[in-house]
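S.K.: What follows is a structure written as structure tokens; I'll ask about it next.
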Amino acid sequence: MMIQRMEEAQRLTYRLREPFLTTPEVSLYKALTEMVGDRYVILPKVSLNDLFYIIRPNENVHFFNKIFRKHVDFLLCDPSTFTPQFGVEIVRPMSKHGVREPDKFMDELFSSAGLPLVHIPSSETYAMSDIIALFQLAMTKFGGTLVERSDRRKESVPQCPVCGKMMVLRIYRNGPRSGEEYYGCMDSPRCAGVVAIG
């Protein structure tokens with residue numbers, strides 16, 4: 001029995017990551033919980049890949065690496081629909097060269113998707129008044145840039161009406177529609193699903 005357990009331990013070389021949240025993350029989580037009460041659900045360490053999708057992924061593959069294996073520290077969601085309302089990112093103090101490149105990218109990512117992102121400097125303790133001020137600052141910076149959800153739906157990739165798989169952008173190569181773009185099933189030619197553009 002002991003030998004069998006040792007063999008299993010050798011096969012599965014996974015270990016529990018400790019701690020799951022760092023000291024600043026735990027401290028900020030507690031402060032956010034106190035601040036928002038039951039108005040939002042707070043989710044820690046949400047994968048960017050689960051939160052965002054890439055428009056026309058077959059054309060924009062190089063953008064995938066920018067969000068792959070990355071996360072936002074906290075996501076505040078509506079408690080009934082789990083619709084994201086705020087992203088919260090713990091940031092290191094600004095360097096003499098200004099905003100760090102990863103922080104700038106996160107700002108652009110959230111802004112383009114129509115979601116406010118609050119930057120909170122890393123600390124082991126947080127004052128409620130400071131956090132509230134940072135949320136207000138994020139909303140002030142964000143004002144007027146909200147992308148309507150209906151507009152974002154127009155940019156989404158349709159699902160195949162025949163088999164339900166994701167579709168990819170294609171171009172008619174010949175015939176009366178030669179040169180026109182359309183969405184074809186990613187399983188083509190086995191699936192003939194087509195969605196017209198426009």
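The values are calculated or read from the model by the stated rules, or taken from the named source; none is laboratory data. Here the structure is a predicted model, which is why all the values come from computation and not from measurement. Cβ atoms come from the backbone with ideal geometry, glycine included; neighbour counts cover every protein chain shown.
S.K.: Give me a count of the residues in the stretch 54-63 that are in a loop (DSSP other than H, G, I, E, B) and closer than 15 Å to Leu109 by Cβ.
M.R.: Residues in the stretch 54-63 being in a loop (DSSP other than H, G, I, E, B) and closer than 15 Å to Leu109 by Cβ: 3 in total.
S.K.: From the list Arg56, Arg92, which one is over 19 Å from Tyr29 (Cβ atoms) and either at pLDDT 95 or above or assigned by TED's automatic domain parsing to the domain that holds Ile131 (or both)?
M.R.: Step by step, each of Arg56, Arg92 is checked, and only Arg56 is over 19 Å from Tyr29 (Cβ atoms) and either at pLDDT 95 or above or assigned by TED's automatic domain parsing to the domain that holds Ile131 (or both).
S.K.: On to the next question. In the stretch 64-84, how many residues are closer than 30 Å to Met167 by Cβ, modelled with pLDDT of 85 or more and of a type outside the set (D, E, K, R)?
M.R.: Total satisfying the criteria: 10.
S.K.: To continue, here is another question. Can you tell me which residue within the stretch 142-172, out of those that are under 20 Å from the mean Cα position of the chain (by Cα) and not in a loop (DSSP other than H, G, I, E, B), is modelled with the lowest pLDDT?
M.R.: Going through the qualifying residues, I end up with Ser150.
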